[in-house]
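A.B. asks: Please read through the structure below; I'll follow up with questions.
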Amino acid sequence: MNQEISHANWWHKLFPFLLWFPMLDRETIKVDIVAGIVAGVLILPQAIALATLAGMPPEYGFYTAIFPVIIASLYGSSWHALSGPNTAMCVMMGSALGLYASESTPDYIMYAITLSFMVGVIQIVFGALKLGVVFNYFSHTVMVAIVTGVGIIIIVQQVGNFLGIIIDTSEPIEDTVVQIFYNFPRSNWYAVFVGSVTVISGLIVKRWFKKWPYLIVCVIVGMIVTKGLDIIFGSGTVNLDKLGTMVLSPLPLSAPDFSPENFAEAAEGLYTIAFVLAFLGLMQSCVIARAMAIKSGQNVNMNQEVIGQGLSNIGGSFLSCFPSCGSFNRSASNLETGAITPLAGVISAIALGLLMIFASPIVAEMPITVMAGVLFLVGAGLIKLQDIKKLLQIRGEARIIFLLTLGTTVYGGLDKGVFMAIFLSIVAYLRSTSSPELDLFVGEEAKHYIPNNLKGAATVLQISGNVFFGSVHTLERVLSDLSQTDNRQSHLVIDGEYLHHLDMAGAKILVQEAKKRQKNGYQLALLLRDHNLDDVLQRGGLINILGRENILYGSFGGGYCQNFRRSPT
């Protein structure tokens, strides 16, 4: 029987989609097909917009919205999270690769495909080392800051396309704003009109017709208005740039290029941006998977999710895809439309592929200003004013972290914003672990914790968390304050049932306190859940100082110390 279970687990690790295949009955398949078709239609305008944002030809947005989705759906852990082109990653990729090649050129495309492979390899390494749990420690605060910063960057970078003028968006954001100011009088007002109609129609649909796909509706409205202006004033007068004809392939094979003559020039920059993109992609993918799991009640394996994202980027590099990750919009709509299993993600990719074949002539006529309007809506959708308001009202750490991450993202670039988010998350985590929870119990509250061998008055100090060199000052301060209250004229019981870690520095503090109590004729007793800390107790001298009779192990159950047992002699 054990061999059968082990064999099944091995197959599930190799082919994780076997875990949800048994769920595919007739009703589930029907629901997933409907949800998948809706998701495929919804991604159409966004795939084009994000490809433009990434500096890639529109067809590559379609490829990235098809192939990585299938791979991540089959090899990821989440049943509802969908992958594909991601706004933040597209912004970062466009900014980074623009330093080495012009947008949409063969060299640029080659760098993007190679970058996808590099990102995937880094993510696979993360998964193989079982580091997926790391992404649980990134707070909601830094994610709101990064996403807000991306929204601001998108809007600023698309102002030039919206106005029908050429703006160099590779410059720092403050220089881009200056360019917009000086070039504003040269705006194409037909483009401004069409872009404004696109944005307004999208906002109206989003506000009053919530069940309609507002991005698709606003694109249709923008294209109809453009056609009307061309008929009335003439296309030469209106002079709106269009996306142009796409060269589509049913199987767009490609390969990463690490040859010295092509890769060497941009190698240093690509290595850096690959790590940042890999980390940013996993941060968002894991946050999305976790959010979907909370709503659906599913248990998500973060390491498997990381591996699924890595495989999707490696596989995508051989199918003309640029780096991808989990998508907020697609995942949320996928869950809202009733998807049950990852089959919906596979269906969405197939539906988009079929739609791409039949709609490409129409897409080629889409004005650039309409695309800018769509990206305005996408960028504005990332700026959650309620979340920002809550964070700004908080006094202390959360507000500072938000402002620092947001400022670094907007003014320093998304890559620096991610590094700032990593640094601040680590600092915040260390701050939380360096402050164990300490509670004092006296009188009736304390009597359930006092061992039977201690006679007389006793104070109970409950410690939860970690006591190590970085947190001993907190414990030392509490013990010092306590000594002023009881003058060490009572027994002290340390309830360490939820003490997870104790190092030599922490043990030293307890030894000093025990000696001071004993000098006055009283004892220090230690209650622990198990024997995990025995080595530290022995090396730190606590067993010798306290005596084995004053170190007890067990669990409270009803909260009484009788459930504890003494250490074996």
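The values are calculated or read from the model by the stated rules, or taken from the named source; none is laboratory data. All figures in this text were calculated on a predicted structure; none of them were measured in a lab. When we count neighbours, we look across all protein chains shown, and the Cβ atoms used for this are built from the backbone with ideal geometry, even at glycine.
A.B. asks: Any chance you could count how many residues in segment 312-340 are outside any helix (DSSP H, G or I), more than 16 Å from the chain's Cα centre (by Cα) and at pLDDT below 90?
C.D. replies: 4
For every residue, the table says whether it meets (1) of a type in the set (Phe, Trp, Tyr); (2) in the same structural domain as Val142 (by TED's automatic domain parsing); (3) at pLDDT 90 or above; (4) within 22 Å of Ile357 (Cα to Cα).
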{"position": "Asn9", "(1), (2), (3), (4)": "no, no, no, no"}
{"position": "Pro45", "(1), (2), (3), (4)": "no, yes, no, yes"}
{"position": "Met56", "(1), (2), (3), (4)": "no, yes, yes, yes"}
{"position": "Tyr60", "(1), (2), (3), (4)": "yes, yes, yes, yes"}
{"position": "Leu99", "(1), (2), (3), (4)": "no, yes, no, no"}
{"position": "Tyr108", "(1), (2), (3), (4)": "yes, yes, yes, no"}
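A.B. asks: Given the criteria within 25 Å of the chain's Cα centre (by Cα) and either among the hydroxyl-bearing types (Ser, Thr, Tyr) or at pLDDT below 90 (or both), does Met283 qualify?
C.D. replies: It is true that Met283 is within 25 Å of the chain's Cα centre (by Cα) and either among the hydroxyl-bearing types (Ser, Thr, Tyr) or at pLDDT below 90 (or both).
A.B. asks: Further, regarding this structure: Return the only residue of Met118, Met110 being within 20 Å of the chain's Cα centre (by Cα) and part of a helix (DSSP H, G or I).
C.D. replies: Just a single option satisfies the conditions, and that option is Met118.
A.B. asks: Any residue at all in segment 436-446 that is assigned to a helix (DSSP H, G or I) and surrounded by fewer than 16 Cβ atoms within 10 Å (Cβ to Cβ)?
C.D. replies: Within segment 436-446, one or more residues are assigned to a helix (DSSP H, G or I) and surrounded by fewer than 16 Cβ atoms within 10 Å (Cβ to Cβ).
A.B. asks: Kindly indicate whether Ser249 is without any contact (Cβ under 8 Å) to a residue 40 or more places away in the chain and hydroxyl-bearing (Ser, Thr, Tyr).
C.D. replies: No, not satisfied.
A.B. asks: Then there's this: Would it be correct to say that Asn299 is within 21 Å of Ser83 (Cα to Cα), surrounded by fewer than 14 Cβ atoms within 10 Å (Cβ to Cβ) and not aromatic (Phe, Trp, Tyr)?
C.D. replies: The answer is yes for Asn299.
A.B. asks: Just give me the residues in segment 502-524 being in contact with a Leu (Cβ under 6 Å, 6 or more places away or on another chain) and either surrounded by fewer than 13 Cβ atoms within 10 Å (Cβ to Cβ) or assigned to a strand (DSSP E or B) (or both), in sequence order.
C.D. replies: Leu502, Leu524
A.B. asks: Return the total of residues in segment 242-256 being surrounded by 15 or more Cβ atoms within 10 Å (Cβ to Cβ) and modelled with pLDDT of 85 or more.
C.D. replies: Looking only at that region, the number is 3.
A.B. asks: Of all residues being crowded, with 17+ Cβ neighbours inside 10 Å, of a type outside the set (Val, Ile, Thr) and assigned to a strand (DSSP E or B) in segment 476-501, which is nearest to the chain's Cα centre (by Cα)? Just the residue, please.
C.D. replies: Top of the filtered list is Leu499.
A.B. asks: Kindly state which helices (runs of 4 or more DSSP H) lie completely within segment 13-93 and contain at least 1 residues that are without any contact (Cβ under 8 Å) to a residue 40 or more places away in the chain.
C.D. replies: Output list reads 26-53, 58-64.
A.B. asks: Of the residues Thr114, Thr141, only one is hydroxyl-bearing (Ser, Thr, Tyr), in the same structural domain as Phe233 (by TED's automatic domain parsing), at pLDDT 80 or above and within 18 Å of Pro323 (Cα to Cα); which?
C.D. replies: Thr114
A.B. asks: Checking Leu528 against (1) at pLDDT below 90; (2) out of contact with any Asp or Glu (no Cβ under 9 Å at 6 or more places or on another chain); (3) of a type outside the set (Val, Ile, Thr), which test does it fail?
C.D. replies: (2)
A.B. asks: Now for a different question. Checking Ile33 against (1) of a type in the set (A, V, I, L, M); (2) surrounded by 24 or more Cβ atoms within 10 Å (Cβ to Cβ); (3) modelled with pLDDT under 90, which test does it fail?
C.D. replies: (2)
So that you can scan it fast, the table gives a plain yes or no per residue for (1) without any contact (Cβ under 8 Å) to a residue 24 or more places away in the chain; (2) surrounded by fewer than 18 Cβ atoms within 10 Å (Cβ to Cβ); (3) more than 25 Å from the chain's Cα centre (by Cα):
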position	(1), (2), (3)
Ala191	no, no, yes
Leu203	no, yes, yes
Trp212	yes, yes, yes
Cys218	no, no, yes
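A.B. asks: May I ask you to say which residue of Ser78, Ser102, Ser116, Ser83 is surrounded by fewer than 19 Cβ atoms within 10 Å (Cβ to Cβ) and in contact with a helix residue (DSSP H, G or I) (Cβ under 9 Å, 6 or more places away or on another chain)?
C.D. replies: Sole residue among the options that is surrounded by fewer than 19 Cβ atoms within 10 Å (Cβ to Cβ) and in contact with a helix residue (DSSP H, G or I) (Cβ under 9 Å, 6 or more places away or on another chain): Ser102.
A.B. asks: I would also like to ask the following. Quick one: count up the residues across segment 371-418 that are more than 15 Å from Gly151 (Cα to Cα), of a type outside the set (A, V, I, L, M) and in a loop (DSSP other than H, G, I, E, B).
C.D. replies: Residues that pass the stated criteria total 2.
A.B. asks: From Ser187, Ser196, grab the single residue that is assigned by TED's automatic domain parsing to the domain that holds Gly228, touching a Gly at 6+ places or on another chain (Cβ under 9 Å), of a type in the set (Ser, Thr, Tyr) and in contact (Cβ under 8 Å) with a residue 60 or more places away in the chain.
C.D. replies: None of the others qualify; the one that does is Ser196.
A.B. asks: Could you grab the pairs with beta carbons closer than 6 Å, sequence gap of 6+ or different chains, first residue in segment 497-520 and of a type in the set (A, V, I, L, M), second one surrounded by 15 or more Cβ atoms within 10 Å (Cβ to Cβ) and assigned to a strand (DSSP E or B)?
C.D. replies: Leu499/Ile463; Leu502/Val467; Ala514/Leu524
A.B. asks: In segment 260-281, is there at least one residue being within 17 Å of Ser73 (Cβ to Cβ), out of contact with any Ser or Thr (no Cβ under 7 Å at 6 or more places or on another chain) and either surrounded by 13 or more Cβ atoms within 10 Å (Cβ to Cβ) or aromatic (Phe, Trp, Tyr) (or both)?
C.D. replies: yes
A.B. asks: Right, next: In this structure, does Phe275 turn out to be aromatic (Phe, Trp, Tyr), under 28 Å from the mean Cα position of the chain (by Cα) and at pLDDT 85 or above?
C.D. replies: Against the criterion (aromatic (Phe, Trp, Tyr), under 28 Å from the mean Cα position of the chain (by Cα) and at pLDDT 85 or above), Phe275 qualifies.
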